[in-house]
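I have placed the structure first, in the form of structure tokens, so that the comments after it can refer back to it.
The values are calculated or read from the model by the stated rules, or taken from the named source; none is laboratory data. In this text, all values refer to a predicted model and were calculated from it rather than measured experimentally. Virtual Cβ from ideal backbone geometry, glycine too; neighbours counted across all protein chains shown. Surface areas here come from the heavy atoms of the whole protein model, side chains and all, with no ligands, DNA or RNA. Shrake-Rupley method; radii C 1.70, N 1.55, O 1.52, S 1.80 Å.
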Amino acid sequence: GRWKMSEKVKVVLYGSLRTNHGHSNNPSEKLLAVTAATPLKKFIRQLDIQHDRVQLAMRNHRAVPKSDVVNPGDRLALFPVEYPVYSDWEDFRF
């Protein structure tokens, strides 16, 4: 069926978390259907990404702890462990 934008989460993957996107430095983006609030940990599992590969998650452009929840309509950016992370995000490292 057709999805309303509000029922999708835009996921942006950086660095080694990108899959099947060649070797470009551009992040890969995907839209995932989400119908209800989903724990961030479960959401990352659904992306087929190992937890220990994620260093930082940003929901709607703000760093969030891994106890956070992803809601329909959110934008989620995930950064891999080898990615340089700003010191003001240190508290949010996984």
Quiz item: For ARG2, are the conditions met, namely being open to solvent by 60 Å² or more (accessible area, probe 1.4 Å) and either modelled with pLDDT of 95 or more or outside any loop (DSSP other than H, G, I, E, B) (or both)?
Solution: no
Exercise. Please specify each residue of the range 46-77 satisfying the condition of being in a strand (DSSP E or B), open to solvent by less than 50 Å² (accessible area, probe 1.4 Å) and more than 17 Å from GLU7 (Cβ to Cβ).
Key: VAL54, GLN55, LEU56, ALA57, MET58, ALA63, VAL64, ALA77
Quiz item: Among (1) aromatic (Phe, Trp, Tyr); (2) without any contact (Cβ under 8 Å) to a residue 60 or more places away in the chain; (3) assigned to a loop (DSSP other than H, G, I, E, B), which single condition is PHE43 missing?
Solution: (3)
